[in-house]
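All of the numbers you see were taken from the coordinates with simple rules; none came from a lab. Just so it is clear, the model here is predicted, and its values are computed rather than measured. All Cβ positions, even for glycine, are placed from backbone atoms using ideal geometry, and neighbour counts span all protein chains on display.
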Amino acid sequence: MSAEPQPTPAPAVSAVTPAADTTPLEAPAASKPGIIRAGDHVLLVLPSENKRMLQIKPDTTVELGKFGKFQTNALIGKPYGVPYEIVKGGELVRAEVTPEDALGEADSDVKDANNKNIFDDNANQTLTHEEIATLKAEQASGHEIIAKIISSHSEFDKKTEFSKAKYIKKKRQTFLRQFTPVQLDAATLCDFYFNKNPAKTKEMRIDILSLLLTSANVRAHSRLLIYDDTQGMVTAAVLERMGGFGEVVVVHEALSQNLDIVRYMNFPQATLDTLTTIPVNRAFPLPEEMELWEASADTRENKTKPSFRETRDNIHRGGFDGLIVASTADPHSVVDLLSPYVATSRPVVVYHSALNMLTPLCQSMRASQSYILVNLLTTWYRPYQVLPQRTHPTMNMSGHGGALVVATKVAPGPALPSSLTKQELIAVGSSTQGSRKRSKPANPARGSSGSPAPKKAKVGDENEGDGMEVDPVEAGSSQV
Amino acid sequence: MSTFERYSATIAEGDLAILYRGHSDLYPIVIKSGEFVNNNKGYVIILHPTPELWTLSLPHRTQILYQADISIITSLLRLKPGSRVLESGTGSGSFSHSLIRTIAPTGHLHTFEYHEGRAAEAKAEFEAHGLAQFATSQCRDVCKDGFGLTNLVDAAFLDLPAPWEAVASAKQALRKDVATRLCSFSPCIEQVARTVEALTQHGFTNIEMYECLLREHDVRNVTIHQVDVMRSLAPRPKVAAVRPGKGQEEDVPAAPGSVITALVRPRNDARGHTSFLTFATLLPQAEEADEQ
RNA sequence: GCCCGACUAGCUCAGUCGGUAGAGCGUGGGACUUUUAAUCCUAAGGCCGCGGGUUCGAGCCCCGCGUUGGGUG
């Protein structure tokens, strides 16, 4: 049973389990989780909320423009997720985070002030540009500069508390010399690319990626086929959800594929070892190419990976737990190519940035007897600003995050004679939900008609030789 | 044994399976030799259970979480194999099954439900589905009595009428050596406001709120006529749905003066608002506190 | 008796491809000629049987009853 606290209701379960013991594959030895290591790729969030991604190489200086600069060595060994202030001399100290910085006085009466008597006039600020520049040159801290600017603002006290908070926030975005190193994961990278360079990840938004991962039932021990034109975004997210267990085969069109985002994830080698890639022409060689490939040595430099030949054999063994396609090519062609190697009762998930690129695929999969539960999906996703008395949508992102076709592969049964419209007995068990009446599959049949021996589905699939063990049973034959 | 955390190649005695008799007719069954189910639809398909199919077919004891919310919450809580997560309340176990799938085999779910009957049913379900080793389920009113966990979990999910009452205890349950995440699921904006206030007071940062809805689309071929002066007074072909494939009699070419085109539109029975999803981060404790 | 569906338009229907805001009849208007009217065109008509209980302060929730169709005794 579980080594975890027992589910006894009454006593408080106080458990302190060492962090490292359950995540052996994610945590390199002698390194605490959540600590920045040399060689890590990290995302730096700047006061302006701009983001920069870079690799932390030792003995290097990182320039953050007006926000300062620092030595990478000062960051190595420090925890992720924490804001650091660059103080005089380039040292990094953990910055205090106070709620009031961002929120303003929550309980203030909004009506105690307004902008009726505030006029847009640069003269309201008595500090000159030169004076502010001097403060910066003197290495005054961001907080000191902001305090000076506020005290030099002739109208500041007339503002409402909310307005003051917003003003301070703007100044913090300009003058604070700090940044937050964020640990890279799939959600963070998806968001980063979606906002910064959406074309790279084919406009894939985090909510659609999330839906893709659950729809494909991605988990530890999955054995998946992937076609990925998203710079590795999809593959990276899948590997993260597999935790170093299982197997991913990425098939790609060109001789090599750009999976940069997988590299940015700082995966341990054990996780990377679960990934193999192979070009289409090596996975599906033409007969005339076959001899050529057989004759030539495998040219891969990394011999820890399986050879193309081994990977090709692996693919043709079939029985994969799912197919994920995020291609700029005709999605139909990719599904036709790879779906035969997926086991039955397994998901096939196809992403495209544009809904209309998926409609022909959706139609043909719905028409096919090899798929059921074929669905064409988009999402409506809206972030809100949530501040006391200032909650509102920040932007509407509906309809621009991509679309999915999700389906379940099944073994097509024999064509049903039209006379077979009568009730048929299916040799499977009874319901677990005795209390539930709606759409109950039926009650135990009373008649002694027919043998209850379970039928093994026969695979009339057009996909020959995929070696699947049949899981979904199609019992189309009459018992009468 | 078929479970939600691993595929099996073949069906075995005692397995949970999903009986498919159409898109709106999914039903969970336990395979037992010698027993029958009736079916009047010609054939059925037996599917391997997945958390997504379970969500569509499970017996409702409460309103449940659906795939769109489940998916984005899982991502934004940064869950993966090995994660330890707490959930309250358990409800009908829709999210629980998905959580277990994602965090297995090295993670653990601590789930809490204050309703005695529902807690018992959920626990029995985890056991029947072979998931007990991944989940500790307790009957407990977490708003009153807290979670009873300390420095243990990577993420917390609150699906409670008054989540703000559980924030302090959730904070205690979250581990302090790394950044951790919390999500609160509330249908009403007033609940969000109070929760955000509590999160702020307890030192959570990076507070964000989202809504995420799934839109399912219908695709069908329609025949539409073309405007033509010469034919304007002649009888027009009817505008009618034409479906391709499967050898149906409708598989006919468009009549002269008309064209067949694909029509895509959102399904009209799409669900509306579910809940607001409030997320927050708890930063690791400063080093001074770490030392002690 | 038991089981399974279906109840929205004045009436009657709607399919295992994820087809319940889709239609037909009837009705109104128009064109036409074959005028106790036919044909074609076109328009109007839709919020879901009744009651109860539950879910969080979002129902793809549950139960009972009624009407109706089918299956099986």
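Using Cβ contacts closer than 10 Å as the measure, can you line up A:C190, B:C143 from fewest to most?
Listing A:C190, B:C143 from fewest to most nearby Cβ atoms yields B:C143, A:C190.
Relative to the compact globular guide of 2.2 N^0.38 Å, what is the alpha carbon radius of gyration of region A:214-274, as a ratio? Intermediate values should be presented prior to the final figure.
Values: Rg = 10.8 Å, N = 61, 2.2 N^0.38 = 10.5 Å.
So the Cα radius of gyration is 1.03 times the expected 2.2 N^0.38 Å.
If you stretched the chain out fully between A:E253 and A:E96, how much longer would it get, using 0.36 nm times the residue separation minus the C-alpha to C-alpha distance? Intermediate results must be reported in sequence, preceding the final value.
Values: separation 157, 0.36 × 157 = 56.52 nm, distance 4.98 nm.
Gain in length upon complete extension: 51.5 nm.
Arranged by the count of other C-beta atoms within 10 angstrom, fewest first, what order do B:T50, B:T90, B:T200, B:T261 take? Don't skip to the end; give the middle numbers.
On the way: B:T50 24, B:T90 29, B:T200 21, B:T261 11.
Ranked by crowding around the Cβ, least crowded first: B:T261, B:T200, B:T50, B:T90.
Taking N as the number of residues in region B:54-158, what value does Rg over Cα atoms divided by 2.2 N^0.38 Å take? Each step should come with its number before you reach the end.
On the way: Rg = 12.6 Å, N = 105, 2.2 N^0.38 = 12.9 Å.
Taking N as the residue count of region B:54-158, the ratio is 0.97.
Place +1 on the Cβ of every Lys and Arg and -1 on the Cβ of every Asp and Glu in region B:72-187, take the dipole about the Cα centre, and give the residue among B:S184, B:L79, B:A166 whose Cα lies farthest towards its positive end.
B:L79
Summarise the partner chain shielding of B:79-88 as one whole number: the mean count of Cβ atoms from other chains within 10 Å of each residue's Cβ.
Working: counts 3, 14, 14, 10, 3, 6, 0, 0, 0, 0.
Counting other chains' Cβ atoms within 10 Å and averaging over B:79-88 gives 5.
Counting other beta carbons within 10 Å of each residue's own, what order do A:R263, B:R6, A:R177 fall into, fewest first? Can you show the working numbers first?
On the way: A:R263 14, B:R6 17, A:R177 25.
Ranking A:R263, B:R6, A:R177 by Cβ neighbours within 10 Å, fewest first, gives A:R263, B:R6, A:R177.
Spelling out what I want: for every residue of region A:240-247, take phi, set θ = phi - 60°, compute 6.51 cos²θ - 1.76 cosθ + 1.60 (Karplus), and round to whole Hz; glycine and proline get x.
So the Karplus estimates, Gly and Pro as x, are 4, 6, 9, x, x, 9, x, 7 Hz.
What is the average number of partner chain Cβ atoms found within 10 Å of a Cβ in A:187-198? Could you put the intermediate results ahead of the total?
Numbers: counts 7, 1, 0, 1, 2, 0, 0, 0, 0, 0, 0, 0.
Whole-number average of other-chain Cβ neighbours for A:187-198 is 1.
What's the whole-number percent of alpha carbon pairs in region A:194-246 lying beyond 19 angstrom? Before the final figure, lay out the partial values.
Values: 337 of 1378 pairs.
Above the 19 Å cut-off, region A:194-246 has 24 percent of its Cα pairs.
Using a simple charge model, +1 on the beta-carbon of Lys and Arg, -1 on the beta-carbon of Asp and Glu, nothing else, what dipole does region A:222-348 show about its Cα centre, in debye to the nearest 20? Working shown, then result.
Working: 11 positive and 18 negative charges, 89 e Å.
In total the dipole reaches around 420 debye.
Taking the Cα centre of region A:186-409 as the origin, how large is its charge dipole in debye, to the nearest 20, when only Lys and Arg (+1) and Asp and Glu (-1) carry charge on their Cβ atoms?
Values: 20 positive and 21 negative charges, 173 e Å.
So the dipole magnitude of region A:186-409 works out to roughly 840 debye.
Give me a single rounded figure for A:218-226: the average over its residues of other chain Cβ atoms within 10 Å of their Cβ. Intermediate values should be presented prior to the final figure.
Working: counts 3, 15, 12, 6, 2, 1, 0, 0, 0.
Mean shielding by partner chains, rounded to a whole number: 4.
Give me a comma-separated list of calculated 3J(HN,Hα) values for region B:130-141, in order, Karplus coefficients 6.51, -1.76, 1.60 applied at θ = phi - 60°, integers in Hz, x for any Gly or Pro.
Whole-Hz 3J(HN,Hα) from phi for region B:130-141: x, 10, 4, 5, 9, 9, 10, 10, 10, 8, 6, 8.
Using the Cα centre of region B:29-163 as origin and beta-carbon charges of +1 (Lys, Arg) and -1 (Asp, Glu), tell me which of B:H129, B:I46, B:F112 is placed farthest towards the positive end of the dipole.
B:I46
Under 5 Å between amide H atoms, partner at least 5 residues away or on a different chain: which partners does A:T277 have, H built in plane at 1.01 Å?
Counting only residues 5 or more places away or on other chains, the set is A:V250.
Using θ = phi - 60° and the Karplus curve 6.51 cos²θ - 1.76 cosθ + 1.60, what whole-Hz ³J(HN,Hα) does each residue of region A:87-94 get, with Gly and Pro shown as x?
Result, ordered by residue: 9, 3, x, x, 6, 10, 10, 4 Hz.
Treat every Asp and Glu Cβ in region B:26-108 as -1 and every Lys and Arg Cβ as +1, leave all other atoms uncharged, and give the resulting dipole magnitude about the Cα centre to the nearest 20 debye. Intermediate results must be reported in sequence, preceding the final value.
Numbers: 7 positive and 4 negative charges, 29 e Å.
So the magnitude is around 140 debye.
For the pair B:D218 and A:Q55, how long in nm is the line joining their label points, each one 7 Å along Cα→Cβ?
My value for the distance between the label points is 5.3 nm.
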